[in-house]
Protein chains: 2
Amino acid sequence: MYRTHTCGELTLNSVGEYVTLCGWVQRVRDKGGLIWIDLRDRYGITQLILEEGKSNQEIIDKAKKLGREFVVKVSGNVIERASKNPKMTTGDIEIFVDTIEIVNQSKLPPFTIEDQTDGGDELRMKYRYLDLRRTPVKNNLMLRHRIAIETRNYLDKQNFIEVETPVLMKSTPEGARDFVVPSRMSPGEFYALPQSPQTFKQLLMVAGFDCYYQIVKCFRDEDLRADRQPEFTQIDCEMSFVDQDDILNTFEGLIKYLFKTVKQIEFAEIFPRMTFDDAMRFYGSDKPDIRFGMTFVELNDLVRGFGFKVFDEAELIVGINVHGCADYTRKQIDQLTEFVKKPQIGASGLIYVRYNIDETVKSSVDKFFNEEQLKKWVHLFNSKPGDLILILAGASLLTRKALGSLRLEMADRLGLRNPDVFAPLWVVDFPLLEWDEEEMRYFAMHHPFTSPKFNDIDLLDTDPSKVHANAYDLVINGVEIGGGSIRIFDKLLQQKMFQVLGFTQEEAQNQFGFLMNAFEYGAPPHGGIALGFDRLVSLFGGSDSIRDFIAFPKNNAGRDVMIDAPSQIAKKQLDELGLIVVQKGK
Amino acid sequence: MYRTHTCGELTLNSVGEYVTLCGWVQRVRDKGGLIWIDLRDRYGITQLILEEGKSNQEIIDKAKKLGREFVVKVSGNVIERASKNPKMTTGDIEIFVDTIEIVNQSKLPPFTIEDQTDGGDELRMKYRYLDLRRTPVKNNLMLRHRIAIETRNYLDKQNFIEVETPVLMKSTPEGARDFVVPSRMSPGEFYALPQSPQTFKQLLMVAGFDCYYQIVKCFRDEDLRADRQPEFTQIDCEMSFVDQDDILNTFEGLIKYLFKTVKQIEFAEIFPRMTFDDAMRFYGSDKPDIRFGMTFVELNDLVRGFGFKVFDEAELIVGINVHGCADYTRKQIDQLTEFVKKPQIGASGLIYVRYNIDETVKSSVDKFFNEEQLKKWVHLFNSKPGDLILILAGASLLTRKALGSLRLEMADRLGLRNPDVFAPLWVVDFPLLEWDEEEMRYFAMHHPFTSPKFNDIDLLDTDPSKVHANAYDLVINGVEIGGGSIRIFDKLLQQKMFQVLGFTQEEAQNQFGFLMNAFEYGAPPHGGIALGFDRLVSLFGGSDSIRDFIAFPKNNAGRDVMIDAPSQIAKKQLDELGLIVVQKGK
């Protein structure tokens, strides 16, 4: 038995007890006659005390030599502290040290093990085992554990069964790029790591499992962005004999349960539901942040025909009313103009109207529109004196998206995106297909197994772009937390879908024949959802970065810099796999 | 809303209710005037009834056309059954059908969806989604889910945190063969899939996580046997500031909790603990089945020097007493002789002594030993009249193992291995190292991170084979359910260990430098265990085969015959990975 207590539990109730603690030396303060040591473990910090004259000199000498992050085992009596710290559970007591055993030494860590560390990203990743000692990072992973276990308990109570699906599965070119695993027993052949267990969970529905879930690792070999990882975790679910409302209600229940149990936040109302078309029309995004308004107002009818070429030639003129920003300086407006003109946003310019406190109106297009006309705009936007109207014009989709970005930028500036406020939203009625200009064919907006809306099925032949899907996304604070759909469960419709996506019948059968064959043996109607677990946890943790909520993340080059992976393997192993590595530059 | 109830819940309490059920047609019985349909879903079977004259003729015609495994949606009134079936929850009622909707048709399944099916292994695997509809297979996976969730709840209450470790990690040649994943971003380099999260969980201990667990997929590219799968699941755990007893007690607690909550079996006593040496000496196995006795008795001193060359030249003469088998026929004895001479067992012959009911003695070595001498054997074995003594002689280790196999064979014949009886056992004090004759070097018996016993450390230099480890296995009914050890947490000792295992300093640093470096920053003493989840579940399910407890297992060639994986991938993808597949036969 190494210890009698952890460093996070002793209080006044234990005064007088002789205890043994283990942990890491957070810091040593030597104030002449008195030495204090902060001893840390996962559970907290307990203060140790030694006193010249009262403590054994040998122990005092040992204490003075302790370095940061040394591992020690300490015994002594619990005493009441002279100067208490009400912020800490253990703040009322300290341990009067009787013995100290140095269990392990530590070199000086390359960065401080404090809430605010002096270590940069790269260094912290290389020494991730030290970074994980820091309270905020440790708490992130404890939050992750808590959300996982509460998710499981909720779904278990709703009759869901967790079923593990294979990690070594089959490569399919549809969707993102697969990671592949060469087979030694079948040289020249490869397994693929799952991008999601989609087909397997559908097979479980065919198998009659009714309600399935899995918290499961998925893999995508994509070029990485800040919030993408090559391996990520999903809460993956599927249900049989359900329609869209059943699924939305079930998983709204899960999210509410998690907010309540993990964050003590109750949502009394049902989550709002918005069509994809409305989301694009009023927010310029399929994942609107509805913690604040600033919804889009279209001006096409009001502003054309006044000789302003930008408006007259634009497919769409659309704007937002920004509350209280009429006093934005020229410089601030210029910054916004630069913002919308960035290549990734792509607007060609920004028009503004100041509705001043004195109810005068001033705009960047005063040359074309007089005060009376501008007042009509102000009326349409329902602006109040002191507001600023920002307008973009151009091609419809691009302009909406650009204004969507500007809307978020303004909200950030105005502090309207409080991470402690949560605004969930279901976005529904997505289009089934997206046209890809490069490959000149349709792609499935969700995936090829998503069911078209029943009334739209005939449009698959005549106007596929018009077909809507029984597909839905869960959005919280402008972040897509998850998405799903009602699935196709009929072999002929699934074949039709592959045909629309440009598969030959042979390709479809070769890649997804096992699923279509399964549909011939009594497939039930079914649908499901997958929630991005890393993202859900980071949202609960109030952060944008999923990396802070993953124990051992990879960097943007897909490397684990701590263990130095990926790495070369032995020629013997390549030979067994029947593979040759092409030399660089060839 | 598809249904008001499942097929497993309606009872007499619901008589008179109008309900809607969905499910699969198990069978249709048409008895002239009455038609019964058994409707099945995950939750049970509900009987439907239609009656000529009373039911709508159109519905009756539809019912008559229903085939096995059709998916239907049925509405009607719950009525009390004339002839009740007390074996079924729903056995008191039936549904008088009002409407039937055929939701999906089914081709005739290739095998019957019954508890005892007519489908062979290969066919059931190809149509696994149909096999999973069978109650025993479905129940296996529900058992798996139940054990997983109870495991998590137990460990959560014990302060364990589930942390997900990477699936894309680093290849290490020590241990079994890795599955590897070529990296596209670093062509010519590979990730490896984890054989276990061993190094990561140790880093989590260095990080101060204190108690870690994970139910996690692991991977080994080995040639497969009946109860091996290329991907398998572990309950993986690690604790800090613990000694061996802490770990044994914690996980004995888990196993007892699982037996109690899942199987309603209580273990009042602590699990017996046996040293590796005793296990080999008394059972000829490091995973003895202690549901029955038949422990080994050594005869060396008693039987040498009587001119029987086999004994005189043998390193070890050892036997078991088999109760009540003195009347085994010549043919039965011959079968046993054949059994022990099988190449995988490898004994050269079998000596027997019958201790007959009339207290006479008859042996296969009467030429060398008289009745008086044999009576001494009988005495040593503590045999009762009617018992049979079976003796093997030869090289020590081989003979023990062979007798261990014979012991299990005899227990099988005598029905002493009741799958409803559970006999857990801790085997402790394993040797640290095993000598490999082929490679002429030591291998770690558990893995290179296992700590030698403190008092044996000096032997690492002088006689490594004598070093014992703080390593332990959990064995239940002769099945190794898991194993673990106290780990090395000191850089120098870890370096020493790699040196004993034949690593150059450079190789050790290159492959495991990240872990040894971590040990320099305040590594706590720690240890852990990994339990084979597939095997644990199959033990609870009373089966020898883990495959029956995995939703989508691979066959012995590592193939998923349902989805046909592994398979070839496109040349474009190989090019991106910088790989060339060597043609077959080259």
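Suppose we filter B:357, B:389 for residues that are in contact with a Gly (Cβ under 7 Å, 6 or more places away or on another chain) and farther than 15 Å from residue B:407 by Cβ; which single one remains?
Being in contact with a Gly (Cβ under 7 Å, 6 or more places away or on another chain) and farther than 15 Å from residue B:407 by Cβ holds for just one of B:357, B:389, which is B:357.
Test of understanding: among B:67, B:16, which residue is among the small types (Gly, Ala, Ser) and within 27 Å of residue A:525 (Cα to Cα)?
After ruling out the rest, the residue left standing is B:67.
What number of residues within the range A:9-26 satisfy the criterion of being of a type in the set (D, E, K, R) and either more than 35 Å from the chain's Cα centre (by Cα) or modelled with pLDDT under 95 (or both)?
So the count comes out to 1.
With the checklist (1) away from every other protein chain (no Cβ under 14 Å); (2) in contact with a strand residue (DSSP E or B) (Cβ under 9 Å, 6 or more places away or on another chain) in hand, flag the one item residue A:39 doesn't pass.
(1)
Test each condition in (1) in contact (Cβ under 8 Å) with a residue 40 or more places away in the chain; (2) part of a strand (DSSP E or B); (3) among the aliphatic types (A, V, I, L, M) for residue A:59 and report the one that comes out false.
The failed condition is (2).
Tally up the residues in the range B:560-583 that are in a loop (DSSP other than H, G, I, E, B), more than 25 Å from residue A:514 (Cβ to Cβ) and more than 7 Å from chain A (Cβ to nearest Cβ), please.
Count: 1.
Select, from A:563, A:529, A:546, A:486, the only residue that is of a type in the set (A, V, I, L, M, F, W, C), in contact with a strand residue (DSSP E or B) (Cβ under 8 Å, 6 or more places away or on another chain) and free of Cβ contacts under 8 Å to residues at least 60 places away in the same chain.
Going through A:563, A:529, A:546, A:486 in turn, the sole match is A:563.
For residues that are at the interface with chain A (Cβ under 8 Å from one of its Cβ atoms) and touching a residue at least 24 places away in the same chain (Cβ under 8 Å), scanning just the range B:549-559, find the one that is surrounded by the fewest Cβ atoms within 10 Å (Cβ to Cβ).
Out of the qualifying residues, it is B:557.
Take the residues in the range B:365-385 that are in contact (Cβ under 8 Å) with a residue 24 or more places away in the chain and under 39 Å from the mean Cα position of the chain (by Cα); name whichever of them is surrounded by the fewest Cβ atoms within 10 Å (Cβ to Cβ).
So, considering only residues that are in contact (Cβ under 8 Å) with a residue 24 or more places away in the chain and under 39 Å from the mean Cα position of the chain (by Cα), the one surrounded by the fewest Cβ atoms within 10 Å (Cβ to Cβ) is B:382.
Name the residue that is nearest to the other protein chains (Cβ to nearest Cβ), counting only residues in the range B:506-547 that are touching a Pro at 6+ places or on another chain (Cβ under 8 Å) and farther than 30 Å from residue B:148 by Cα.
Top of the filtered list is B:521.
Restricting attention to the range B:124-143, and to residues there that are at the interface with another protein chain (Cβ under 7 Å from one of its Cβ atoms) and among the hydrophobic types (A, V, I, L, M, F, W, C), which single residue is nearest to residue B:533 (Cα to Cα)?
B:141
Table: residues versus (1) on the phi > 0 side of the Ramachandran plot; (2) assigned by TED's automatic domain parsing to the domain that holds residue A:306; (3) β-branched (Val, Ile, Thr).
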position	(1), (2), (3)
A:376	no, yes, no
A:379	no, yes, no
A:384	no, yes, no
A:388	no, yes, no
A:393	no, yes, no
A:399	no, yes, yes
A:407	no, yes, no
A:418	no, no, no
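Failed condition for residue B:83, given (1) surrounded by 15 or more Cβ atoms within 10 Å (Cβ to Cβ); (2) part of a loop (DSSP other than H, G, I, E, B); (3) among the small types (Gly, Ala, Ser), with all others met?
(1)
Quick one: count up the residues across the range A:20-36 that are within 14 Å of chain B (Cβ to nearest Cβ) and either surrounded by 20 or more Cβ atoms within 10 Å (Cβ to Cβ) or of a type in the set (Gly, Ala, Ser) (or both).
The number of residues fulfilling the criteria is 5.
Here is a check on your reading of the model: is residue B:146 more than 7 Å from chain A (Cβ to nearest Cβ), farther than 30 Å from residue A:150 by Cα and within 21 Å of the chain's Cα centre (by Cα)?
It is false that residue B:146 is more than 7 Å from chain A (Cβ to nearest Cβ), farther than 30 Å from residue A:150 by Cα and within 21 Å of the chain's Cα centre (by Cα).
Test each condition in (1) closer than 21 Å to residue B:178 by Cα; (2) buried (at least 23 other Cβ atoms within 10 Å of the Cβ); (3) of a type outside the set (Asp, Glu) for residue A:188 and report the one that comes out false.
The one condition residue A:188 does not meet is (2).
Scan the range B:6-18 and tell me whether some residue there is touching a Cys at 6+ places or on another chain (Cβ under 6 Å), surrounded by fewer than 19 Cβ atoms within 10 Å (Cβ to Cβ), of a type outside the set (Val, Ile, Thr) and not in a loop (DSSP other than H, G, I, E, B).
no
Can you tell me how many residues in the range A:489-499 are surrounded by fewer than 19 Cβ atoms within 10 Å (Cβ to Cβ) and touching a residue at least 40 places away in the same chain (Cβ under 8 Å)?
1
Do we have residue B:43 as out of contact with any helix residue (DSSP H, G or I) (no Cβ under 9 Å at 6 or more places or on another chain) and more than 18 Å from residue B:81 (Cα to Cα) here?
For residue B:43, the condition - out of contact with any helix residue (DSSP H, G or I) (no Cβ under 9 Å at 6 or more places or on another chain) and more than 18 Å from residue B:81 (Cα to Cα) - is met.
Can you give me the number of residues within the range B:42-71 that are away from every other protein chain (no Cβ under 14 Å) and at positive phi?
1
Just checking, which of B:101, B:114 is out of contact with any His (no Cβ under 6 Å at 6 or more places or on another chain), modelled with pLDDT under 95 and either surrounded by fewer than 18 Cβ atoms within 10 Å (Cβ to Cβ) or of a type in the set (Gly, Ala, Ser) (or both)?
B:114
Given the condition surrounded by 21 or more Cβ atoms within 10 Å (Cβ to Cβ), free of Cβ contacts under 8 Å to residues at least 60 places away in the same chain and among the aliphatic types (A, V, I, L, M), answer yes or no: does some residue in the range A:248-261 qualify?
Looking through the range A:248-261, none of the residues is surrounded by 21 or more Cβ atoms within 10 Å (Cβ to Cβ), free of Cβ contacts under 8 Å to residues at least 60 places away in the same chain and among the aliphatic types (A, V, I, L, M).
Based on this model, can you work out whether residue A:183 counts as without any contact (Cβ under 8 Å) to a residue 24 or more places away in the chain, among the polar types (S, T, N, Q), touching a helix residue (DSSP H, G or I) at 6+ places or on another chain (Cβ under 9 Å) and within 29 Å of residue B:170 (Cβ to Cβ)?
Considered against the rule, which asks whether it is without any contact (Cβ under 8 Å) to a residue 24 or more places away in the chain, among the polar types (S, T, N, Q), touching a helix residue (DSSP H, G or I) at 6+ places or on another chain (Cβ under 9 Å) and within 29 Å of residue B:170 (Cβ to Cβ), residue A:183 comes out as no.
So which residues in the range A:299-347 are β-branched (Val, Ile, Thr), surrounded by fewer than 20 Cβ atoms within 10 Å (Cβ to Cβ) and farther than 25 Å from residue A:359 by Cα?
Result: A:310, A:345.
The values are calculated or read from the model by the stated rules, or taken from the named source; none is laboratory data. Note that the structure is a prediction, hence the values are computed from the model and not measured. Counting neighbours? That spans all protein chains shown, and the Cβs are built from the backbone with ideal geometry, glycine included.
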